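Report on one structure; see the data block that follows.
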Amino acid sequence: MNNKHCHNIIIVGGGTAGWMTANLMAKQWQHQLANHEISITLIESPEIGVIGVGEGSTPQLKTFFDQLGIAENEWMPACNATYKNGILFNDWTHRPGFTRYFHPFTSIIDAHTAPAFIYNSQFKRQGYNVDSHPDRFFLAATLAKQQKAPIGNDNFPFDVSYGYHFDAVLLGKYLANIAQQQGVQHIAAKVIDVTLDNQGEITELHLDNQQQLAGDLFVDCTGFASILLQKALKVPFISFKENLFNDRAVTLATEYQPGDKINSQTIATAMKYGWAWDIPLTNRTGNGYVYSSEYCTPEQAEQELRAKLGLVDSTIPANHLTMKVGKVEQHWHKNCVAIGLSQGFIEPLEATALHFVQESIEGFINAYDAIYFTNNPIADNITDNIKAQHRQQFNNDLDARFEGIRDYIVAHYRFSDRSDTDYWRRNNANPNISNNLKKIVQCWLQGKDFNKALMQPDVVSFYPPVSWHAILAGYGIFPDKNHTLAENPQATKYDLAHIDQFIARSASNFSDHKLFLEQRANSK
Ligand SMILES: Cc1cc2nc3c(=O)[nH]c(=O)nc-3n(C[C@H](O)[C@H](O)[C@H](O)COP(=O)(O)OP(=O)(O)OC[C@H]3O[C@@H](n4cnc5c(N)ncnc54)[C@H](O)[C@@H]3O)c2cc1C
């Protein structure tokens, strides 16, 4: 492959991953597209369809739309989208005072209050009796509790960080339109066969409409099926089932009742064999239960979810899904890169999948650009060795991220004290946790400077220290002290009433979430 002929990029799969890839590539390579130096084609099978779940994001999604130059008042109403201040974890532990906590998206304004949280947690870890539950210390927790949108009025001088909730199917359609306007070609057909050359590179796809499509680069966005990377190129899949037991989900949507407000948080409630989500959109709430098929049947899970929602006798249909949790051995192999569920999936507890999709595409574009496009006078001479180095670096970076996210998700199960079912008892006792996670928790329990410990070169912490603080303090994981500590004025250095006032004053600059969304939609 060289950069003299038109460079054909073929994306297979039209789920969120496929269309996000198409859009970011079309944006990055808009000049090459306009000059016919590259072409981008997306093939999707209407017969197979998309997974249709994945309705919560991290703040990263904002940067995706910013890069594409698409305003919130354009895309949000089109996708029934709402704002998300963070995630409320409900019932994950039964430790007194710690049955729920909020994992906030943090912002610059937290610089006024988060240091007190970090400080108090450290003293609490040493055994002093100070308040270190996270919720009190973050504006996002208060905005979520008051069902407010995370965008302050004109008098409020700080931007607050937030994610979104959206209808996954509508988002896919919206992104499909934008990508096609940018010059991405679309083929509705099923790939039924793949031809490899004698180097093991993909040369051609055979479609069920008799078309054959040759390409230079193939992007596998075919979801769990992964027909290119895993099936055609036989890249092995590494399962995380020893650490993460959930492998199924059941979903159903519920309508709002008149007068209902709209939450500005995801609620993740622990259940007998997993956990259930509650994701508010403008027109409905998405509900789902992620569980382990080793411990309950789909019928039991559906019943438990219906009981939680008060819908035991309702005819609202439920949708059952199977999940493959783990990652591929290599995300980019030969002339194929997998993006989305085809490269792996860590269950949706922290809604990280699209964040990961975005980072994978951006990392890939940078590497590919450096090899083939960006003002690269030596592109024709770039050696296979250098290409292999770029590929290796990309694969290593993604592996580290996958493992980092996995550790954070595993912590939710491993450090819960629920013991009501075999599912939770096995989670509590699970010896299969990474050395990295062991180190993180040991540092926490030692009561030393945890921020510093997370910066050590031998500790991988994909999540920022404040998130680790939030989960461990939010779960009430503190060393048992069987002696009474003397009063220590240092431990009570922060005036918490002052923090409460600061947060209350700040929150008064934000409006009701539902009202805000309605005004936004009308101001279009
Ligand atoms: C229960 C659950 C909850 C989730 N919640 C979240 C969340 O809150 N936040 C989040 O970020 N992510 C979440 N995810 C992940 C999220 O759904 C996915 O990352 C996202 O939808 C992207 O999926 P995808 O595009 O990789 O795959 P899919 O949506 O499955 O798309 C696959 C595409 O490939 C096409 N295809 C397959 N085979 C062929 C073929 N032979 N020929 C042609 N086309 C083919 C299909 O037609 C389809 O267009 C969740 C996932 C699950 C399972």
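The values are calculated or read from the model by the stated rules, or taken from the named source; none is laboratory data. Quick caveat: nothing in here was measured; it's all calculated off a predicted structure. Using ideal geometry, Cβ is built from the backbone for each residue, glycine included, and neighbour counts are taken over all protein chains shown. Areas reflect the complete protein model, heavy atoms only, side chains present, ligands, DNA and RNA absent. Shrake-Rupley method; radii C 1.70, N 1.55, O 1.52, S 1.80 Å.
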For the range 112-223, just the Cα atoms, rotate onto the principal axes and tell me the three extents in Å, largest first. 70, 39, 21
Kirkwood Rh for the range 380-524 from C-alpha pairs, in Å, is 20.0 Å
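Which whole number in µm²/s is D for the range 216-284 by Stokes-Einstein, with the Kirkwood Rh taken over Cα pairs at 10 °C and 1.306 mPa s? Write out the running numbers ahead of the final one.
Values: Rh = 16.2 Å.
Diffusion coefficient, whole number: 98 µm²/s.
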Taking the Cα-to-Cβ direction at residue 441 and at residue 314 and moving 7 Å from each Cα, how far apart do the two end points lie in nm? 3.6 nm
Residues of type lysines that residue 324 reaches as a straight line, Cα spacing below 28 Å, ignoring anything fewer than 8 places off in the same chain: 62, 84, 173, 190, 231, 234, 241, 272, 308, 334, 438, 439
Could you check how much of the accessible area of the chain is carbon and sulfur, as a whole percent, using a 1.4 Å probe? 49 percent
What is the Cα convex hull volume of the range 274-317 when expressed per residue in Å³? 73 Å³
At 1.4 Å probe size, what's the solvent-accessible area of residue 72? Round to the nearest 10 Å². 30 Å²
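Given the -39500 (n - 2.57) contribution per DSSP H run of 4+ residues, what per-residue ellipticity at 222 nm results for the chain, rounded to the nearest 500 deg cm²/dmol?
Working: 16 runs with 182 residues, N = 524.
One gets -10500 deg cm²/dmol as the mean residue ellipticity at 222 nm.
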In the P(r) worked out for the range 278-406, what percent of Cα pairs fall beyond 25 Å? 46 percent
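Probe of 1.4 angstrom, ligands and nucleic acids ignored: what's the accessible area per residue over the range 194-244, in square angstrom? Intermediate values should be presented prior to the final figure.
Working: 2370 Å² over 51 residues.
Counting only protein heavy atoms, the per-residue value for the range 194-244 is 46 Å².
What's the FRET efficiency of residue 359 with residue 487 using the Cβ-Cβ distance as r and R₀ = 51 Å, to the nearest 0.05? Kindly include the intermediate steps, with their values, before the conclusion.
On the way: r = 47 Å, r/R0 = 0.93.
The pair residue 359/residue 487 has a calculated efficiency of 0.60.
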State, to one decimal in nm, how far the label point of residue 257 lies from the label point of residue 206, with both points 7 Å from Cα in the Cβ direction. 5.8 nm
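Heavy-atom accessible area per residue, the range 266-420, 1.4 Å probe: how many Å²? Intermediate results must be reported in sequence, preceding the final value.
Values: 5790 Å² over 155 residues.
For the range 266-420, the per-residue accessible area is 37 Å².
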Over its alpha-carbon atoms, the range 1-160 yields an Rg and a Dmax in Å of 22.3, 69
Which FRET efficiency value, to the nearest 0.05, is calculated for residue 449 and residue 498 with the Förster distance at 25 angstrom and r the Cβ-Cβ distance? 0.55
Report the Cα-based extents of the range 99-164 along its three principal axes, largest first, to the nearest Å. 42, 25, 16
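Please compute the Kirkwood hydrodynamic radius of the range 455-524 from all pairs of different C-alpha atoms, in Å with one decimal. Please list the in-between numbers first.
On the way: mean 1/r = 0.0579 Å⁻¹.
Evaluated over the range 455-524, this radius sits at 17.3 Å.
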Can you give me the solvent accessible area of residue 75 with a 1.4 Å probe, rounded to the nearest 10 Å²? 0 Å²
Leaving out ligands and nucleic acids, and using a 1.4 Å probe, what accessible area per residue does the range 1-108 come to in Å²? 38 Å²
Base-10 log of normalised Debye intensity for the chain (one unit scatterer per alpha-carbon) at q = 0.11 Å⁻¹: -1.03
Under the 0.36 nm per residue contour assumption, what length would be gained going from the current alpha-carbon distance of residue 520 and residue 397 to full extension? 40.4 nm
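Within the chain, what percent of beta bridges assigned by DSSP are antiparallel, to the nearest 5? Can you show the working numbers first?
Working: 49 of 70 bridges.
Expressed as a percentage, antiparallel bridges in the chain total about 70.
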